[in-house]
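> Pasting in a structure now, in structure tokens, and then I'll have a few things to ask.
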Amino acid sequence: MYDCFVGRDEEVVPFRARQLRNLLCDLGPSFIKAGQVLANRPDIIREDYMNELCILQDDVPSFPNQVAFDIIEEELGQPLEAVFSKISSETIAAASLGQVYRATLRSSGEDVAIKVQRPEIEPIIYRDLFLFRTLASFLNGISLQKLGCNAELIVDEFGEKLLEELDYTLEARNIEDFLENFKNDPTVKIPRVYKELSGPRVLVMEWIDGIRCTDPQAIKNAGIDVSGFLTVGVSAALRQLLEFGLFHGDPHPGNIFAMRDGRIAYVDFGNVAVLSQQNKQILIDAVVHAVNEDYAEMANDFTRLGFLASGTDVSPIIPALEAIWQNSVGKGLADFNFRSVTGKFNQLVYNYPIRIPERFSLVIRSLLTQEGICFTLKRDFKFLEVAYPYVAKRLLTDPNPALRERLIQVLFKDGVFQWKRLENLIILAKENVARMSSNPALQKNNLQGSRGQQVERKLDLTDTIKDGTRLFLLDEGIRRQLLLALTEDSKLHIQELVDVYRLLEDQIDVPSVALQVAQELPFVARDVMLSWSSSILYDR
């Protein structure tokens, strides 16, 4: 306030930002964690301060080794020497709530990572949360005016995630969930957790012998195909977000590694974002609305996701959303990046009553961080060149009925069938299959006969064709729209059909698909008869 009063508020920003970061470090773990959260909250803090607070994600002071070893022995109930034949004398990594050591198990000779919590941290956290919430109660009026919610809600969200991270048994459960989600994916490595050696304050995991993702030279020296590795990483992130609904919330460079066989490895699962099925579907809706340039519906998606309070007038936000998106993709997908979109979005949330829910602040930070890693490894990497083919493949092949409905929304615009859009979707989906099937990590694991997912060499549209046939026969509205699509502008669109078939002829085993469709016909006929009889009875 003094800087602003004397007219030097802009020139001293770098100094004040460093001062804030150092102050948070001095105040302890709760304040460090708050700084890490603020580094991803453009709705609360200015971007120049956010950039300085990002340093807290990698540079946190450690606590003495002997204190850490005493905590480990207390949790294990036996001396360190009885369990580990060797343990590192220096910390491998230090974070706001704990630090990590490398050790070797005496029983098996396996290398493990030991994560140990800071001493006496729980009462400190509770005290600080009480202080945060008390302060927030005085800021409710300003927060309601600027963000559309009270400040106590923001503190509650922060406190809930912080208390979850304090219990390492929850993190062990998160690891097991990630292991289950990726069990059939030979491109992703999740460390095994040793539950018998773990507890609320100590977590023992399999040691990941990988290369930091911010060391492009080491990755190239290891013979890893950088483009293939980046494809694996983006696909893994999108699967977490749109398929599993369980998302790694803190994928900074110290938590993501490149394995020497081309796989991507994740560590540190204390901070995860959980998205409901409804949220996943709304996110896909937002992608569809972006493709269709339906900015009014995109603004409504913000309300449905909790970015805007229910009943908020979205009309002032629509032109801003349109400007952000069109400016970002106006030069083509090759020039698109999340950093530029987020920079513009930061201005939007600062000027409108938008509040970013905690889980989505994690998602935004995660996408930005991973995009930053991609740019570090390959300066000309295009995130959407990998992301769009993945989304296209999901829209075309996922058996989820909700995604089938979204596919129809993409293919019809103002009641007119978009032939070119269908061709582009098929081309992009084929590109995703080709990239993944030629990926070195997949090839190597497949040659070694590893258990799990087989390499998908063709775009499997069998279920989509079967569902499309059923929909064509059962849904009069869709049947009418498709017939109009074939005859619109007073001409038969045979050439468009031929173009689509040529794109798919090397992907589809026509006799096999025809046989499966024929096998479905009796069930479809039954449904047609039931639908017809119901309509007759209803009319009477």
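> Packing-wise, with mean Cβ within 10 Å as the measure, how do 195-208, 172-185 rank, highest first?
195-208, 172-185
> Calculate, for the stretch 1-58, the solvent-accessible area per residue in square angstrom, rolling a 1.4 angstrom probe over the heavy atoms of the protein chains.
Accessible surface, normalised per residue, equals 54 Å².
> So, one more: For the cross-link pairs LYS393/LYS413; LYS161/LYS195; LYS220/LYS393, which exceed 25 Å when the distance is taken from alpha carbon to alpha carbon?
Listed pairs above 25 Å: LYS220/LYS393.
> Then there's this: Keeping the other protein chains in place, figure out the carbon and sulfur percent of the accessible area of the stretch 1-58, with a 1.4 Å probe.
Solvent-exposed carbon and sulfur of the stretch 1-58 make up 58 percent of the total.
> A further question follows. Report the gain in length on full extension from GLU423 to VAL13: 0.36 nm times residue separation, minus Cα-Cα distance, nm rounded to one decimal.
Gain on stretching GLU423 to VAL13: 142.6 nm.
> On to the next question. At a 10 angstrom cut-off on C-beta neighbours, averaged per residue, how do the peptides 386-397, 132-143, 425-436 rank from highest to lowest?
386-397, 425-436, 132-143
> Express in nm, to one decimal, how much length is gained between PHE244 and THR134 on full extension, taking 0.36 nm for each residue of separation and deducting their alpha carbon distance.
35.9 nm
> Where nothing but the Cβ of Lys and Arg (+1) and of Asp and Glu (-1) is charged, how large is the charge dipole of the stretch 1-58 around its Cα centre, in debye to the nearest 20?
Its charge dipole is roughly 200 debye.
The values are calculated or read from the model by the stated rules, or taken from the named source; none is laboratory data. Treat the numbers as computed from the prediction; the structure is a model and nothing was measured. Here Cβ is always computed from backbone atoms with ideal geometry, including for glycine, and neighbour counts include all displayed protein chains. Areas reflect the complete protein model, heavy atoms only, side chains present, ligands, DNA and RNA absent. Shrake-Rupley method; radii C 1.70, N 1.55, O 1.52, S 1.80 Å.
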